[in-house]
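Every number in this text was worked out from the coordinates using simple rules, so none of it is lab data. What you see is a predicted model, and the numbers here were worked out from it, not measured in a lab. Methodologically, a virtual Cβ is constructed for each residue, glycine included, from the backbone with ideal geometry; neighbour enumeration extends over all protein chains shown.
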Amino acid sequence: MGDCMKTSLVIRRKAYYIMIALQVVMALYVVRIFYIQVFRGEELRQMAFEQQTRDRLIRPNRGSIYDRNMVGLALTETVSGVSVIYAQMRDVPETARILARELEMDEAEVLERISRRVALVRVAQQVDKEVADRIRGMNIPGVVIDEDIRRVYPYGSLASQVIGFVGRDNQGIIGLEARYDSYLMGSPGRILTETDVAGRQFSGSRQYRIPPVDGNDLVLTIDSVLQAYAEQAIELLVRQKNAARGVIILMNPMNGQILALANKPDFDLNDPFTIQDPALAEIWETLSQERQMNELNRMWRNFAINDTYEPGSTFKIVTSAAGLAEGVVSLDSGFSCSGSVTVGGRNIRCWRSPRSHGGQTFVQGVQNSCNPVFMAIGERLGADLFHDYLLRFGFHEKTGIDLPGEAVGIMYNADRIGPVELATMSFGQSLTITPLQLVSASATVVNGGYRVTPHIGMRLLDENGIVIEEFSPPRGEQILPTEVSDSMRYILESVVSVGTGHRTYIAGYRVGAKTATSQKLPRGSGRYISSIMAFAPADNPQVVALVLVDEPKGAYYGGQVTGPVMQVLLENVLPYLGVEPIFSTPEEQNTAPVTVPDIRGMTTNEAFRVLREAGLNHDTTGQGDTILDQFPIPGETVNRGQRVLLLI
């Protein structure tokens with residue numbers, strides 16, 4: 001009996017331990033279930049959902065880019081994307097054959113792509129709707145057609161370096177497309193399709209659509225009409241002078257709004273990877289990939305902001321303004337030019353050498369663009385004060401324009417400016433700036449002395465056209481007294497009436513200007529940059545403009561080469577901006593509208609006669625006997641008496 005009791009006790013003890021173990025196991029299961037449901041429930045549900053669905057992205061509509069008058073410069077059109085779900089295909093080779101035929105792709109490439117054992121493969125994107133609809137109608141197992149978008153540029157090359165373009169993923173690459181990419185791109189949506197664990201769609205499975213969020217629209221300060229004027233004018237000049245490149249900038253000097261920024265050569269925004277130079281295009285396939293990329297980058301460069309150059313005599317406006325502001329010169333200060341000045345043992349010539357300007361006032365020195373006058377002003381200012389003005393004008397920093405890749409001026413530190421450096425910098429040598437930096441400085445000189453930030457983006461709109469953000473950089477500090485700015489406007493207006501800028505004179509309008517002829521390094525290479533800076537009206541500037549041409553062939557003096565172009569440009573720009581002319585004679589008041597005749601292909605004598613009969617004047621570039629091109633373009637309405645620039 002004792003043994004029975006012992007056995008019973010052992011059994012009960014084992015049963016007890018088993019029950020404890022079962023309770024512990026149950027407790028662990030409860031804890032595990034609690035952990036899974038509370039801490040990992042959402043994660044595991046998402047994993048199960050992803051395993052049992054197929055996810056396809058829907059690209060959002062990229063925001064449009066408009067000019068200041070809501071003219072569309074970059075738009076988005078709806079197209080389609082063609083994809084393949086591997087698990088749902090029945091005949092891979094046949095699917096590849098059909099898709100290659102319909103999409104005009106290489107069959108081997110399509111087969112290789114759709115043979116990948118992944119959930120979903122994009123075969124082609126930005127497919128025209130009619131092609132996509134045809135494929136959809138074939139009901140090919142595993143082939144799905146999704147929404148897609150394509151960026152289009154209605155005006156082709158207009159403002160190409162400014163607007164920029166997007167890649168195949170619709171992400172901005174250069175220009176405003178890159179700078180404002182985060183605003184324009186939007187957020188993608190998704191199409192979710194229920195499948196089994198093998199990725200196969202089953203009967204009764206559902207689709208879920210999460211709509212995309214479209215990007216915001218961008219409105220620019222640029223006026224497409226003024227942009228077209230500028231591009232026509234600089235293209236004509238670059239072609240006629242067989243120049244390397246050219247640029248025109250139009251800016252409101254009061255607020256920094258860029259009205260036009262034209263670069264030539266340019267490229268087609270709808271086909272940005274096709275080289276435009278015919279000679280280079282001929283050998284394109286023989287070039288290395290690195291060389292091709294370098295050439296494309298060169299074509300895409302925005303000369304106005306990406307490169308620096310020695311400005312030459314247009315920089316004299318900075319030296320003049322600094323001298324007046326510091327009181328080292330006045331309007332009637334006297335100077336004498338003998339044709340050259342010896343500085344630090346080096347003989348520095350006036351551009352007129354071996355002739356000289358003789359005795360002259362400061363105003364006459366600016367009108368004559370006399371180098372010795374500005375060397376004297378630079379010496380009176382001294383290296384430290386002159387350098388301080390370079391900093392005040394911002395030549396050591398970016399202008400802040402809302403475009404990527406802006407370069408910065410290159411100049412000596414104050415402690416490295418000796419007598420020779422000071423002398424040459426005073427008339428625009430021995431330092432480099434960007435064309436936009438010159439325009440920005442010119443705006444400061446004529447707008448009352450205030451710094452402005454050049455900018456192109458004006459506002460953002462939502463999908464309903466409601467303004468959600470304004471881009472309006474505040475006016476900067478005043479670095480010149482108002483009376484100095486007033487004096488500079490008066491002086492620069494006299495440069496047009498009696499000085500080197502006389503070719504920019506426009507009857508009925510007050511125009512101020514400064515010309516420049518910069519010799520490129522190395523000196524004596526025979527390579528020049530010709531330019532002119534102008535503004536109007538001189539008493540209340542509404543526009544400041546720069547015309548610049550790099551390495552013109554033949555005549556290269558700034559006033560001779562760029563003056564007539566600036567004249568014709570402003571004759572178009574000022575009336576368009578609503579600037580009313582001021583007439584001093586009855587003859588000047590005869591400004592009835594005239595339609596520009598088409599004189600291309602005529603002899604010069606025939607063309608001149610047609611223009612006279614129409615009541616128009618003319619300026620010519622070249623020495624031929626046949627009209628090759630003209631600006632303004634035929635059919636455009638202009639004022640009677642306006643000039644037409646002729647390429648002959």
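Based on the Cβ-Cβ distance of Leu22 and Arg90, what FRET efficiency does E = 1/(1 + (r/R0)^6) give at R0 = 60 Å, to the nearest 0.05? It comes to 0.70.
Checking the a/c ratio against 1.5 first, then a/b against b/c, what shape does the Cα gyration tensor give for the stretch 311-419? It is prolate, given that a/c is not under 1.5 and a/b is the larger ratio. Scattering from the chain was approximated by placing one identical point on each alpha carbon and applying the Debye formula without solvent; log10 I(q)/I(0) at 0.07, 0.10, 0.11, 0.12 1/Å stands at -0.59, -0.97, -1.09, -1.23. So how tilted is helix 383-393 from the main axis of the chain? Cα-based, degrees 0 to 90, rounded to 10. Long axis of 383-393 versus the principal axis of the chain: about 50 degrees.
The Tyr183 and Asp539 beta-carbon pair, evaluated with R₀ = 41 Å, returns a calculated FRET efficiency of approximately 0.60. Taking the C-alpha atoms only, the angle from helix 92-103 to the longest principal axis of the chain is near 20 degrees. Between Thr361 and Leu391, the simple label model (points 7 Å from Cα in the Cβ direction) yields a spacing of 3.5 nm. In summary, the aspartates and glutamates within cross-link reach of Lys398, defined as a Cα separation below 13 angstrom excluding same-chain residues under 8 places away, comprise Asp307, Glu406. Calculated translational diffusion coefficient of the stretch 590-648 (20 °C, 1.002 mPa s; Stokes-Einstein with Kirkwood radius over alpha-carbon pairs) equals 193 µm²/s. Karplus-derived 3J(HN,Hα) values for the stretch 571-579, using 6.51 cos²θ - 1.76 cosθ + 1.60 with θ = phi - 60°, are 4, 8, 6, 4, x, 4, 7, x, 7 Hz; glycine and proline are entered as x.
The residues packed around Val594, meaning those with a beta-carbon under 10 Å from its beta-carbon, carry a net charge of 0 if Lys and Arg are +1 and Asp and Glu are -1.
Residues whose amide H lies under 5 Å from that of Ile348, counting only those 5 or more places away or on a different chain, are Val341, Thr342, Val343; hydrogens are built 1.01 Å from N in the peptide plane. For Lys553, the lysines whose Cα comes closer than 20 Å to its Cα, not counting residues fewer than 8 places off in the same chain, are Lys241, Lys264, Lys520. Here the chain is treated with +1 on each Lys and Arg Cβ and -1 on each Asp and Glu Cβ, and its dipole about the Cα centre works out to around 1780 debye. When the stretch 54-220 is described by a simple charge dipole with +1 on each Lys and Arg Cβ and -1 on each Asp and Glu Cβ, the residue from Gly142, Val110, Met185 located farthest towards its positive end is Gly142. The distance between label points at Tyr208 and Arg116 comes to 2.6 nm (points 7 Å beyond Cα on the Cα→Cβ vector).
What value, in deg cm²/dmol to 500, does the helix sum -39500 (n - 2.57) over DSSP H runs of n ≥ 4 give at 222 nm once divided by the residues of the chain?
For the chain, the value works out to -11000 deg cm²/dmol.
Ranking of Ser338, Ser64 by neighbouring Cβ atoms within 10 Å, starting from the fewest: Ser338, Ser64.
Given Cα pairs under 8 Å that are at least 6 residues apart, what percent is the relative contact order of the stretch 547-648?
The value is 30 percent.
Evaluating 6.51 cos²θ - 1.76 cosθ + 1.60 at θ = phi - 60° for every residue in the stretch 453-468, the Karplus couplings come out as 9, x, 8, 10, x, 10, 7, 10, 10, 8, 5, 9, x, 7, 5, 10 Hz, glycine and proline recorded as x. Straightening the chain between Leu628 and Gln478 buys 49.3 nm, computed as 0.36 nm per residue apart minus the Cα-Cα spacing. Distance between the C-alpha centres of the stretch 411-465 and the stretch 347-370: 25 Å, rounded to the whole angstrom.
Please report how far the C-alpha centroid of the stretch 293-323 lies from that of the stretch 150-195, rounded to the nearest whole angstrom. Cα centroid of the stretch 293-323 versus Cα centroid of the stretch 150-195: 29 Å apart. In degrees, nearest 10, range 0 to 90: what is the angle between the Cα axis of helix 224-240 and the longest Cα principal axis of the chain? The two axes meet at around 60 degrees. The spacing between the stretch 507-566 and the stretch 374-403, judged by their C-alpha centroids, is 21 Å.
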